[in-house]
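The block underneath contains the structure these notes are about, expressed in structure tokens.
The values are calculated or read from the model by the stated rules, or taken from the named source; none is laboratory data. Treat the numbers as computed from the prediction; the structure is a model and nothing was measured. Because the Cβ atoms are built from the backbone with ideal geometry, glycine has one as well, and the counts that use them run over all protein chains shown. Note: accessible area is taken over every heavy atom of the protein model, side chains too, but ligands, DNA and RNA are not part of it. Shrake-Rupley method; radii C 1.70, N 1.55, O 1.52, S 1.80 Å.
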Amino acid sequence: MKNRRIAGLTAALAVGALALSACSSNGSGSGDETTPAAEGGSTGIVTAWGGEPQNPLIPTNTNETSGGKILDLIFAGLVYYDAKGAPHNEVADSITSDDNTVWTIKLKDGQKFSDGTPVHAENFVKAWNFGATTHPDVPQQLSNYFFNIFEGYDETTVCADDACTEFAEPKATEMSGLKIVDDLTFTATLTSPQSDFPLRLGYSAYYPLPDSAFDDMDAFGENPVGNGPYVLDEWTHNIEAKLSPNPEYQGDRKAQNGGVDIKFYTELEPAYNDLLSGQLDVLDTVPDSAFGTFESDLGDRAINQPAAIFQSFTIPARLPHFGDDEEGHLRRQAISMAIDREQITDVIFQGTRTPASDFTSPVIDGWSDSIPGSEVLKFDPDKAKELWAQADAISPWDGTFAIAYNADGGHQGWVEAVTNSIKNTLGIDAEGKSYPDFATFRTDVTNRTITTAFRTGWQADYPSLYNFLGPIYGTGAGSNDGDYSSPIVDKLLEEGLRADSVDAANAKFQEAQEQLFKDLPAIPLWYSNATGGYSEAVSNVEFGWNSVPLHYLITKQG
Amino acid sequence: MPDAAANDIPTEDVPEGAAVGVRAGQAHFFADLDQSPVLGAVDAPDESSAPSSLWRDAWVQMRGRVLFWVSAAIILLVVLVALFPGVFSQTDPRFCDLSRSVGGPEAGHWFGFDRQGCDVYARVIFGARASVTVGVLTTLGVSVFGVIIGSLAGYYGKWFDAILSRITDIFFAIPLLLAAILVASVFSESRTTFLIAGVLAVFGWPQIARITRGAVMSVKNNEFVTAAQALGLSRSGILLRHIIPNAIAPVIATATVALGTFIVVEATLSFLGVGLPPSTVSWGGDISRAQAVIRTSPQLLLYPGAALGLTVLGFIMMGDVVRDALDPKARTR
Amino acid sequence: MAWYAGRRLLQMIPVFLGATLLIYAMVFLLPGDPIAALGGERGLPPAVAEQLRAQYHLDQPFLVQYGIYLRNLLTGDFGMSFSRRPVADLLAAAFPTTVKLAAMTLVIESVAGIGVGLWAGIRKGGIFDSTFLVISLVLIAVPIFVIGFAGQVLFGVKLGWVPATVGSNVSFRTLILPAIVLASASFAYILRLTRTTVAENRTADHVRTATAKGLSTGRVMRVHVLRNSLIPVVTFIGTDVGALLGGAVVTEGIFNIPGVGNLLYSAITRHEAPTIVSVTTFLVIVYLISNLIVDLLYAVLDPRIRYA
């Protein structure tokens, strides 16, 4: 763990960014280190970096960060995450269960949407049922799969055939697992025990919706009404979204400024120049060209801390010489050991990435840098050559090792550095293979027509180890693009979910990673840091676990 | 212009080669009679000898100029480097050692190292082939095709012009980026310099075509054209021998500038991932790579940029000299 | 001439059909599946991808898709973007900004290019001519993303003379720097074109005659040299109008200008046929009109050119 410089404001952040305090999953207490100073709010309007949301602002239909950033400010969920990713009750008064399967959720009284209507249990249940229901002729809500943990989901989203290439009419529009007890209480029954259930509930898919939303969801998506710390005043498409504090909001995330103007950018370079010239107050990501300079440009206003983003490249087992056998394992280990991650993160990324030591992220509770088997992530040219020679003895190598990437994502620099490192160490041909855009790249990955290794990255939806493992390495999982399948890993993940405490669960997840290190379905590279900065006009800037600034905390003199 | 209709009728209705009378309403007789190309046409009615003498005269004119030899030397150098890069550098441009990233010049590595730790001098030398090929081939393709379409449209006019010009308009409007992405995706395995030059040429010719058409329309009303028609020269002969040489100046001026922009456009396409594959060494690719470190190591832009600038300079000067030499007015004096 | 212009306007119909068909076909032929990208790294379940394909008619054969697009177009419906927004709204929001930027750029590049080109053509081979040869070489050899970036850092950040980016604040003050950057490339072309034709026309017989007649140098230059030299220059500027209104992808990106270039670029990378075809169709019309204007200007610049 080097180059982890935290231009933090609080000591708590500096400690917390690395070692998450083991917060209980039912964390109903207020994390006192991060509770904002409720007094002393400012009146200035903070200008913040953002992008045009790709979809209308409907919580269950938003699966990307630009829309998520706005939703997180205008909605409040049952829990919210503090800067360290620990959940704290927001709308919920308590979330409890005896068996990790049937959960009872009680809401705080007197909470309102910005249109004045109360936030009741019904608002959650109706919103979740809306997200979980799929009609065959209306495209499914993009966050639909977040509801597949509830009992009755298989009646609201029904596949027409076994392979699920089409949907049939839903048998019900309400999940049987959700029951309203009274205005402020409801129960959720899960199909299997989930120890991390409360941890999920801060994700935008689980936000409540006001009654008015169901009258006309399209109109609501343009002018959403929420219960969060801010209200969306104006959304000028492709230009900006203006937010002002929500007077009805009573939770912990009370706005400490006079409002937030989220300015939309398509490129990072102009955003950074705006930050330097004082036209932008907060930037979440600095461009590649500023990696080497942003900390000297901004001084203690620079932010560079680990984030819940994991980067790797996947080698599908169907590639010749890389099968799930002895030769394949040897070659994967050799490739992994041939990459000088320290040097690449130092030189190409100028310390804005942290070399990976597992398959998750250091900001997640339970992360460890010493999982048995993680030695394959150390640069060891001699060992790499030796392993490669052993593999050659089984079946001689010929051809070029290529890593595919989409050229519109700024990946060329590191792909070239990685392939050069492999080439120079193993003495084989290695190069990057560029796809013009994400759509073309993704098509080849999805259709399994890609004939090379390819870059993969994962940003957590909610701060849990499982979120980095289950969706990617579970057999048949939605993002298992390498078609990896290991009964051992599947079993350990399953056991982890059933565990009765987060610690016990994490132990299982770590065990699953031991197997991943043997098989190396993907070669871990590094964790992306949250690299950002802020202008002289603002203070109290803290970045959250998901590398988005906690906008509500920022103060600016008006 | 109510009387306009009268003008095009003769050329439209009269069979090729037939004599056409001097048009009514034309009053641009500025030239002295002995300066007029009409005399040349009278002296040299033999169709085969006139073009060769045009080029022979041009050669005589050009070789006496310093500018010609300077530009020829630059172009020769660039072409030699493109053909035989191994003579100019023995370093492997694809060997990159990250520990030397953005290292300064040292013995054997005159220009230092780029971000990946590759030798910049070697990359400039080995990048010449791809870049010069793209630049020259595209310019040739664009010029030949653009001049043919443009001169036909400008000279024959009427429906011929309407159809050719509207096709030109359609090609104009197709975004190059869309075409490049399409081609890059379809031929993702085989994006060669020839393919990229082809794409740039297919979507680059309309500009030259428009400029040629405008110049031809302006030239075709000149007295010497009318005179040549009166002397019974065929229409294609007039177009080739009299109109195009007189209309070529703006084409040369545009094409020589375009040569450089095509090389830079290749850089932009590479930057967007739809140009040459990243494993091909080219100036354009290196210019776009340098962007990632523009704040800290702007010198990395300098070397491929200067090589590109020098090449364009050579062609622009050569274009100037050739134009002067081809200019009939400059010659007869 | 009105008859000629009318005929030209009628020609727009087949061009319009041809262009939309061609561009639609190109987008259709793009190998990537636009829907595949909508799920991000996570990807979409096959059934959902199927639903979305149906929503955007992407499951239909090419001619049916094109037919649906044309039919909707007749009712003024330009289609929907993948962000579920009417393309007409996107166009209406982006075009005014791009038009402002294009107008400023055209003025800058024409005035500077013709002015310098005229002077360089008159003093061919002199210091002035050589200096601007070198300057235009630099402008050609340095890609626009470098010029734009350097300008932004220098004038926007270091000196603070103008705002670094445009964003929501579209005004003369914010657009002037992007306009200069955008004009720089075409400036080199206009300069070279003007210089070359001026140099050629200066030796033309009618100019020497006019000089011999005792006309003042200024008048000779204005009336006889410049006017006759302008045809290729005007042609170039005409083609540039369309290119500028098509939006400058790179410049708009650098200066965060919410214009057509940004719209078109993101639509192309998303393979969003309705947006791409609508924007480019608009461009075809812009080209047709600007070329018509250029053709009519020919007759003004050179009275011998007439249209029937």
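Annotations for the structure displayed:
- Proximal aspartates and glutamates to residue A:518, defined as alpha-carbon separation beneath 18 angstrom and excluding residues fewer than eight positions away on the same chain: A:324, A:325, A:326, A:327, A:358, A:369, A:375, A:380, A:386, A:483, A:490
- Rounded to the nearest 10 degrees, the inclination of helix C:62-74 to the longest alpha-carbon principal axis of chain C is 70 degrees.
- Cβ-based net charge around residue B:85, under 13 Å, with every Lys or Arg adding one and every Asp or Glu removing one: +1
- At full extension, residue A:96 and residue A:383 could sit 98.3 nm farther apart than now, given 0.36 nm per residue minus the alpha carbon distance.
- Listed by chain and number, the lysines placed with their C-alpha closer than 28 angstrom to that of residue B:158 are B:220; residues fewer than eight positions away on the same chain are left out.
- Angle between chain C longest axis and helix C:273-301 axis [Cα atoms, degrees, rounded to 10]: 20
- Alpha-carbon centroid distance for the pair region C:101-125 / region B:218-264, whole angstrom: 24
- Note that chain C presents 37 Å² accessible area per residue, ligands and nucleic acids not counted, probe 1.4 Å.
- FRET efficiency, residue C:205 to residue C:123 (Cβ-Cβ, R0 25 Å, nearest 0.05): 0.70
- Ranking B:323, C:306 from most to least accessible surface, computed with a 1.4 Å probe over the protein chains only, gives C:306, B:323.
- Shielded residues, region B:108-130 - accessible-area loss of 40 Å² or more between chain alone and all protein chains, probe 1.4 Å: B:115, B:116
- For region A:254-267, 3J(HN,Hα) per residue [Karplus equation, 6.51 cos²θ - 1.76 cosθ + 1.60, θ = phi - 60°, Hz, x = Gly/Pro]: 4, 5, 9, 9, x, x, 10, 9, 8, 8, 8, 10, 9, 10
- Between residue B:67 and residue C:89, the modelled label-to-label distance comes to 5.7 nm, taking each label 7 Å out from Cα in the direction of the beta carbon.
- Gain upon complete extension [residue C:111, residue C:171; 0.36 nm per residue less C-alpha separation]: 19.5 nm
- Once the Cα gyration tensor of chain C is diagonalised, semi-axes √(5λ) in Å: 43, 26, 15
- The phi torsions of region C:179-191, fed into the Karplus equation with coefficients 6.51, -1.76 and 1.60 and a -60° offset, translate into couplings of 5, 5, 4, 5, 6, 4, 5, 5, 3, 4, 5, 5, 4 Hz, rounded to whole numbers, with Gly and Pro shown as x.
- Taking a ≥ b ≥ c as the square roots of the eigenvalues of the alpha carbon gyration tensor, region C:2-74 is prolate, as a/c is not under 1.5 and a/b beats b/c.
- Inter-label distance for residue C:219 and residue A:429, nm, one decimal - labels placed 7 Å from Cα along Cα-to-Cβ: 7.3
- In this structure residue A:175 has an accessible area near 0 Å², from a 1.4 Å probe over the protein heavy atoms.
- Protein-only accessible surface order, largest first, of A:164, B:118 at 1.4 Å: A:164, B:118
- Note on residue A:314: accessible area is roughly 10 Å² with a 1.4 Å probe, heavy atoms of protein only.
- Positive-end extreme of charge dipole, the protein assembly as shown - chosen from C:275, C:183, B:274 (charges on Cβ): C:183
- Working from label points 7 Å from Cα in the Cα-to-Cβ sense, the residue C:5 to residue A:536 distance is 5.6 nm.
- Surface share of carbon and sulfur [accessible, 1.4 angstrom probe, percent] for region B:55-332: 71
- Inter-chain neighbour count for B:268-281: the average number of beta-carbon atoms from partner chains within 10 Å of each residue's beta-carbon is 5.
- At an R0 of 30 angstrom, the distance between the Cβ atoms of residue C:72 and residue A:64 translates into a FRET efficiency of 0.65.
- For residue A:361, the accessible surface of its heavy atoms amounts to roughly 0 Å² (probe 1.4 Å, protein chains only, rounded to the nearest 10).
- Check: chain A dipole with +1 on Lys, Arg Cβ and -1 on Asp, Glu Cβ, in debye: 1000
- Dividing the summed -39500 (n - 2.57) terms of all DSSP H runs of n ≥ 4 by the residue count of chain A sets its mean residue ellipticity at 222 nm at -8000 deg cm²/dmol.
- Shown in residue order for region C:142-152 are the 3J(HN,Hα) couplings computed by the Karplus curve 6.51 cos²θ - 1.76 cosθ + 1.60 at θ = phi - 60°: 9, x, 5, 5, 6, 4, x, 5, 4, x, 5 Hz (x for Gly and Pro).
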